[in-house]
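Novice: Next up is a structure, given as structure tokens.
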Ligand code: NAP
């Protein structure tokens, strides 16, 4: 299969926070993989920037180490590595200080795309934007990339949008939600809008409900102090899960273009109904003995606050007030220390209106399951006749499409979400990035939900580590005559 890759222009990419966890684990190894794939044009440069004092050689050694750790050895040949590291340099800079800015300004070139990745704490976004502007480092064609969290409520997101807007136009701001960079998520749009097959069924007449699950096996670990101020609703639902819900629920955009797609997503967010107390279950993982004999820490021990009311798990039932989705529940759940690491969207279809087969033939619903991880792919379960004699016995079989298998070598080399998104920044394509009004609308939906449980002082329900979450979450579906899909890795 010949893949058609849209070329990118030579660029200068400045990675603020270039020594941090995200940069060394995702951004820099991702850039290397694109370089290895021949996608980074000659003459492009990557400039790390952070407060730590070091020279180019020391930074290159750090980047080399990151590549060795996070890139498959078969992509790490010496010639490619040397050529990549030659394009890397470093400027010591303080986002809040004066040092380093003149040096960075001196490095900028006029004839290449300039992009600035803000891989630093959100509290520094405004300082960086202001200094890029005042030192004339950014030009009107420059792009800035900002990471999550984008605010912690509507008010802070608005302020952050306003701060960035003082120096950058909306067309220059790339708000990353790395879920949107995943192959399957984009494939969801291809499946919906490039086939006639699904669209006629994609509505309240044929869809019974939708389940979106993002389950992790890890606890909050070393991120406890950050996580405890956030919780599952702010950390996962307001951004990643909301984006997935939008892609399932949105109307077809008139073109696959940034604002056309984002306009449709925004309409979905604005049509979300408020969620009542009875439609939410929050949980916190308990501690317990581990198989190894050590004690497994509970959530409150992990965050070192025995009184914490923050949720490490949330399940909720959302409804969309429009014609297409009238009466179709969207069940969302996400949590830490669950049974398996998996992210999945399942579109569960309704029963056939009349069965011509025996009553006692177990009927199972058709489900389109879209797996984001592990093994990105899609699976459509259909009913067939069980092979062999013995009359008409029915069974369900999966029509399974693993991208890696279906696409052979091309599929095995699916770029990581960050790689794809960084290349889109350089190409100037904002389709897979969140617009400011989308982020604000998402907070406008989540804020009252959070405010309501905070006001009541609700205590999250306990759940056992590596279970499916709190018992009450099962009831959320049972009372509607439905059940959650199994959490399977
Ligand atoms: P981190 O490991 O703490 O790194 C922070 C980086 O910022 C370091 O390079 C640090 O280097 C630099 N820095 C701190 N203060 C600075 C200042 N005043 N001026 C210039 N540089 C400064 O954080 P991270 O995990 O990489 O996260 C970076 C951003 O990505 C955050 O907004 C985070 O929420 C977001 N994010 C991270 C992940 C992830 O997996 N890590 C996932 C999603 C989103 P010096 O100390 O040398 O200055």
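Novice: Which of the residues that make up segment 122-134 are free of Cβ contacts under 8 Å to residues at least 12 places away in the same chain and within 12 Å of the ligand (Cβ to nearest atom)?
Specialist: Narrowing segment 122-134 to residues free of Cβ contacts under 8 Å to residues at least 12 places away in the same chain: 123, 134.
Across segment 122-134, the qualifying residue is only 123.
Novice: Condition first: surrounded by 15 or more Cβ atoms within 10 Å (Cβ to Cβ) and touching a strand residue (DSSP E or B) at 6+ places or on another chain (Cβ under 7 Å). Can you find one or more residues in segment 65-74 that meet it?
Specialist: Of segment 65-74, the ones surrounded by 15 or more Cβ atoms within 10 Å (Cβ to Cβ) are 66-67, 70-71.
Restricting the remaining residues to those that are touching a strand residue (DSSP E or B) at 6+ places or on another chain (Cβ under 7 Å) gives none.
No, every residue in segment 65-74 fails to be surrounded by 15 or more Cβ atoms within 10 Å (Cβ to Cβ) and touching a strand residue (DSSP E or B) at 6+ places or on another chain (Cβ under 7 Å).
Novice: Please state which one of 480, 458, 472 is under 21 Å from residue 337 (Cβ atoms) and not in a helix (DSSP H, G or I). Let's see the steps before the verdict.
Specialist: On the way: 480 fails: under 21 Å from residue 337 (Cβ atoms); 472 fails: not in a helix (DSSP H, G or I).
Selected residue: 458, the only one of 480, 458, 472 that is under 21 Å from residue 337 (Cβ atoms) and not in a helix (DSSP H, G or I).
Novice: Follow-up. Considering each residue of segment 139-165, count those that are more than 16 Å from the ligand (Cβ to nearest atom) and farther than 26 Å from residue 445 by Cα, and give that number.
Specialist: Counting residues in segment 139-165 that are more than 16 Å from the ligand (Cβ to nearest atom) and farther than 26 Å from residue 445 by Cα gives 5.
Novice: Output the number of the condition that residue 111 fails; it satisfies all remaining conditions of (1) away from the ligand (no atom under 16 Å from the Cβ); (2) modelled with pLDDT of 95 or more.
Specialist: For residue 111, the failing item is (2).
Novice: While we're here: Filter segment 92-111 for residues that are crowded, with 18+ Cβ neighbours inside 10 Å and under 30 Å from the mean Cα position of the chain (by Cα); which is nearest to residue 169 (Cα to Cα)?
Specialist: So the residue we want is 95.
Novice: State all residues of segment 225-240 that are within 14 Å of the ligand (Cβ to nearest atom) and part of a helix (DSSP H, G or I); if no residue qualifies, say none. Reasoning before the result, please.
Specialist: Let us first name the residues in segment 225-240 that are within 14 Å of the ligand (Cβ to nearest atom), namely 225-227, 229-230, 234-236, 238-240.
Residues satisfying the conditions are 225, 226, 227, 234, 235, 236, 238, 239, 240.
Novice: Write out, first by first residue and then by second, each pair whose Cβ atoms fall under 8 Å of each other, whose residues are 6+ apart or on separate chains, and whose first residue, in segment 135-156, is within 18 Å of residue 433 (Cα to Cα) and free of Cβ contacts under 8 Å to residues at least 12 places away in the same chain while the second is part of a strand (DSSP E or B) and away from the ligand (no atom under 14 Å from the Cβ).
Specialist: If the second residue must be part of a strand (DSSP E or B) and away from the ligand (no atom under 14 Å from the Cβ), no pairs are left.
Novice: Looking at 268, 210, 261, can you tell me which residue is in contact with a strand residue (DSSP E or B) (Cβ under 8 Å, 6 or more places away or on another chain), within 24 Å of residue 186 (Cβ to Cβ), assigned to a helix (DSSP H, G or I) and away from the ligand (no atom under 16 Å from the Cβ)? Walk me through it before giving the result.
Specialist: Values: 210 fails: assigned to a helix (DSSP H, G or I); 261 fails: in contact with a strand residue (DSSP E or B) (Cβ under 8 Å, 6 or more places away or on another chain).
Of 268, 210, 261, the one residue that is in contact with a strand residue (DSSP E or B) (Cβ under 8 Å, 6 or more places away or on another chain), within 24 Å of residue 186 (Cβ to Cβ), assigned to a helix (DSSP H, G or I) and away from the ligand (no atom under 16 Å from the Cβ) is 268.
Novice: Can you pull out every residue in segment 20-48 that is in contact with a helix residue (DSSP H, G or I) (Cβ under 7 Å, 6 or more places away or on another chain), within 15 Å of the ligand (Cβ to nearest atom) and not in a helix (DSSP H, G or I)?
Specialist: 46, 47, 48 - these are the residues of segment 20-48 that are in contact with a helix residue (DSSP H, G or I) (Cβ under 7 Å, 6 or more places away or on another chain), within 15 Å of the ligand (Cβ to nearest atom) and not in a helix (DSSP H, G or I).
The values are calculated or read from the model by the stated rules, or taken from the named source; none is laboratory data. Everything quoted here is computed from the prediction, not taken from an experiment. With ideal geometry, Cβ positions are generated from the backbone for all residues, glycine too; neighbour counts draw on all protein chains shown.
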